[in-house]
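Engineer: So that we are looking at the same thing, I have put the structure below in structure tokens.
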Amino acid sequence: MQLAQQLYEKFKVITYPRTDSRYLPEDYIATVKSTLGKISDPTLAKHARTVLDKQWVKPTKRIFNNAKISDHFAIVPSGQIPHGLDEVQEKIYDMIVRRFISVFFPAAQFEITARITRIEKDALKTDGKVIIDPAELGLRYPAAIGLEADAGVAIEALLAALAEPRHDRPDQEAEIKDARAAIAASARAGYGADLDLLQAVRAAIPAPGLLVSDLPALGAREGGWWGGLVAE
């Protein structure tokens, strides 16, 4: 709260922070549009421009609602360009701006897939969720290989990319071997007997089996933790 107070009093880049309201006044629409147009951060400005271009700032009670406001409305950017913020102040301000922009975006669209795998009398259910909304694709995770479609097309594109010939560097195997040796030495120095137990578990697993690095149920044992060890 002290940092937010500094952003409000000293830098004047946010509205009054001592409030728990999540709503804005019903006559604040023009101010919101003006504030969105003044966002200077290049990464966030393009999303603010999307909100304005698509006219997503509308008089909806989900955002603009006088009945939900007591003394002060929600914390939002003031429209002032920030100058002289330190790292922590910048992070708080960035969080407020991101939240401010995001509330005007429509709800994301997902394709939900449920798969039932039956092994004799047992049935295992696996759920999957893939974003399919064109307005959302690439906002959180840039599409490095052009996954810009529904789940089916995205998977086909991914499989095609994985099928392309690999061009390993001649020295790559040596680098991997050295990296593995360094990790093993570090693990031996830090975990000792715990590493011996992990190696024993690995030896007992069948050849096709997998041993993941996150073993919270088995990893907690008296004398130390080894659930986070990297194992192949």
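Engineer: What are the residue pairs meeting all of these: first residue in the stretch 10-37, first residue without any contact (Cβ under 8 Å) to a residue 40 or more places away in the chain, second residue assigned to a loop (DSSP other than H, G, I, E, B) and of a type in the set (Val, Ile, Thr), Cβ atoms under 7 Å, and 6 or more apart or on different chains?
Structural biologist: Ile29/Val57; Lys33/Val57
Engineer: What are the pairs with Cβ atoms under 8 angstrom where one residue, in the stretch 150-163, is surrounded by 12 or more Cβ atoms within 10 Å (Cβ to Cβ) and the other, located anywhere, is among the small types (Gly, Ala, Ser) and at pLDDT below 75? Sequence gap at least six, or different chains.
Structural biologist: Filtered contacts from the stretch 150-163: Ala157/Gly146; Ala157/Ala149.
Engineer: So Ala123 fits all but one of (1) among the hydrophobic types (A, V, I, L, M, F, W, C); (2) at pLDDT 80 or above; (3) assigned to a loop (DSSP other than H, G, I, E, B); what number is the exception?
Structural biologist: (3)
Engineer: Then there is this: Taking the residues in the stretch 99-131 that are in contact with a helix residue (DSSP H, G or I) (Cβ under 8 Å, 6 or more places away or on another chain) and surrounded by 14 or more Cβ atoms within 10 Å (Cβ to Cβ) as candidates, determine which candidate is nearest to Tyr16 (Cα to Cα).
Structural biologist: Phe100
Engineer: Looking at the stretch 16-56 only, could you name the residues that are under 16 Å from Met95 (Cα atoms) and touching a strand residue (DSSP E or B) at 6+ places or on another chain (Cβ under 8 Å)?
Structural biologist: Residues satisfying the conditions are Thr35, Ile39.
The values are calculated or read from the model by the stated rules, or taken from the named source; none is laboratory data. Here the structure is a predicted model, which means the values were calculated and not measured. Quick reminder, even Gly has a Cβ in these numbers, built from the backbone with ideal geometry, and neighbours come from all protein chains shown.
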